[in-house]
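Below: one structure, written as structure tokens.
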Amino acid sequence: MRDETAANPYKLQALDRAFAVLDLLGESEIPLGLAQVAGALQLHKSTAHRFLMVLERHRMVERTTTGKFRLGLRLFDLGNRAIEQYDLRERAQPHLKRLVAETEETAHLCILEHSHIIYLDKLEPARSVRMFSRVGASNPVNSTAVGKAILAFTSPERVEEILSKTRYERFTAKTIVTREVLLREVERTRRRGYAVDDEEREEGVRCVAVPILDANAMAVAAISVSGPSFRVTSQKLPTIANRLMACARAVSIDMGYVPSVRNPRAQTWLA
């Protein structure tokens with residue numbers, strides 16, 4: 001396959017220049033005007049303006065009331081995410097192995113990206129019936145227990161942003177396909193501390209999930225236990241959920257979370 005960037009080196013040059021703009025703004029102690037950015041990077045004003053407009057559209061750069069430019073808060077968000085995820089998979093592995101040994105079912109480690117869940121890790125037991133999920137795959141937030149678990153411990157503003165981008169695709173007869181029902185399930189998840197996917201993504205498969213929390217008791221990821229409905233029965237859900245919460249607490253503490261009964265958001269999760 002032909003390397004597209006080799007055929008069009010301008011794309012790489014444009015990317016380099018965009019990062020140069022970010023570096024310049026990051027090194028400056030004050031917001032910079034268009035002429036200052038163009039002059040420092042030896043760009044035409046029109047070229048510098050195009051880069052700034054693209055970066056502003058993606059919230060990498062923001063404009064002050066005086067029309068000057070500074071780094072955008074999305075970079076702060078991405079930086080926090082990078083720190084939180086830096087060694088999440090590595091730190092979670094021993095706890096997930098213990099969870100799989102205890103439940104004899106498949107465990108997943110997932111994060112939320114836009115309105116989809118991304119699978120970071122998957123550990124399976126030595127059973128004949130296994131899950132068809134794979135690391136790197138994604139699923140819509142509304143059809144998964146991990147999605148509901150993360151939403152339940154996410155700020156209301158962020159939840160609204162996520163749901164505004166969610167397409168309520170139906171996978172089974174039980175898939176949640178309306179915003180109102182999803183919000184009710186999210187609230188239910190928040191109250192009890194764990195989420196359930198009752199054959200909503202795949203017929204014959206039931207899943208339980210809980211969030212991994214940061215220092216502010218907000219979700220940065222989620223872990224789940226999945227298995228065939230005939231094994232992961234409704235009667236077993238509370239027991240599995242308790243093991244999951246113990247696992248999630250251990251991972252969260254390893255990541256720097258400090259449990260506090262004073263935080264109302266995490267009270268059910270701490271129970």
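The values are calculated or read from the model by the stated rules, or taken from the named source; none is laboratory data. Here the structure is a predicted model, which is why all the values come from computation and not from measurement. With ideal geometry, Cβ positions are generated from the backbone for all residues, glycine too; neighbour counts draw on all protein chains shown. These accessible areas exclude ligands, DNA and RNA; they are computed on the full protein's heavy atoms, side chains included. Shrake-Rupley method; radii C 1.70, N 1.55, O 1.52, S 1.80 Å.
Glu157 to Glu104: FRET efficiency via 1/(1 + (r/R0)^6), r the Cβ-Cβ distance, R0 51 Å, to the nearest 0.05?
Numbers: r = 40 Å, r/R0 = 0.78.
Once rounded, the FRET efficiency stands at 0.80.
In a shell of Cβ-Cβ distance under 13 Å around Arg50, excluding Arg50 itself, what net charge do Lys and Arg (+1) and Asp and Glu (-1) give?
On the way: positive: Arg17, Lys45, Arg57; negative: Glu56.
Once positives and negatives cancel, what remains is +2.
In the structure shown, do any of Lys68/Lys165; Lys122/Lys174; Lys11/Lys45; Lys11/Lys165 have a Cα-Cα gap over 26 Å, and if so which? If you can, show how the numbers build up before the last one.
Numbers: Lys68/Lys165 31 Å; Lys122/Lys174 24 Å; Lys11/Lys45 19 Å; Lys11/Lys165 28 Å.
Flagged as over cut-off: Lys68/Lys165; Lys11/Lys165.
From the residues Val135, Pro156, Ala173, which one has its Cα farthest along the dipole of region 110-197 in the positive direction, the dipole being from +1 and -1 charges on Cβ of Lys/Arg and Asp/Glu about the Cα centre?
Ala173
Could you list the square roots of 5 times each eigenvalue of the Cα gyration tensor of region 120-254, that is, the equivalent ellipsoid semi-axes, sorted largest first and rounded to whole Å? Show your work: numbers first, answer last.
Details: eigenvalues 92, 73, 38 Å².
Output for region 120-254: semi-axes of 21, 19, 14 Å.
Once both labels are modelled 7 Å past Cα along the beta-carbon direction, what's the Leu12-Val181 spacing in nm?
5.0 nm
So which aspartates and glutamates can Lys97 reach, going by Cα to Cα under 19 Å and dropping same-chain residues fewer than 8 places off?
Here the aspartates and glutamates satisfying the reach criterion relative to Lys97 are Asp87, Glu105, Asp121, Glu124, Asp254.
Tell me the accessible surface of Lys165 in square angstrom (1.4 angstrom probe, heavy atoms of protein chains only), to the nearest ten.
Counting only protein heavy atoms, Lys165 exposes about 110 Å² to solvent.
Quick one: grab Rg to one decimal and Dmax as a whole number for the chain, Cα atoms only, in Å.
22.0, 68
Which whole-number value in Å² is the accessible area per residue of the chain, probe 1.4 Å?
Numbers: 14750 Å² over 271 residues.
Per residue, the chain has an accessible area of 54 Å².
Hey, what number do you get for the chain at 222 nm if only DSSP H runs of n ≥ 4 count, each worth -39500 (n - 2.57), divided across all residues, to the nearest 500?
Details: 11 runs with 126 residues, N = 271.
Helices in the chain give a 222 nm mean residue ellipticity of -14000 deg cm²/dmol.
Which is farthest toward the positive dipole end of the chain among Leu88, Ala219, Val208, measuring Cα position about the Cα centre, with Cβ charges +1 (Lys, Arg) and -1 (Asp, Glu)?
Val208
Could you tell me what percent of the accessible area of region 132-246 is made up of carbon and sulfur, with a 1.4 Å probe and every protein chain present? Please report the intermediate quantities before stating the final value.
Values: 2540 of 5050 Å².
On region 132-246, the fraction of accessible area on carbon and sulfur atoms equals 50 percent.
In the Gaussian network model of the chain, springs joining C-alpha atoms below 10 Å, which of Ala195, Ala38, Ala137 carries the largest mean-square fluctuation?
Ala38
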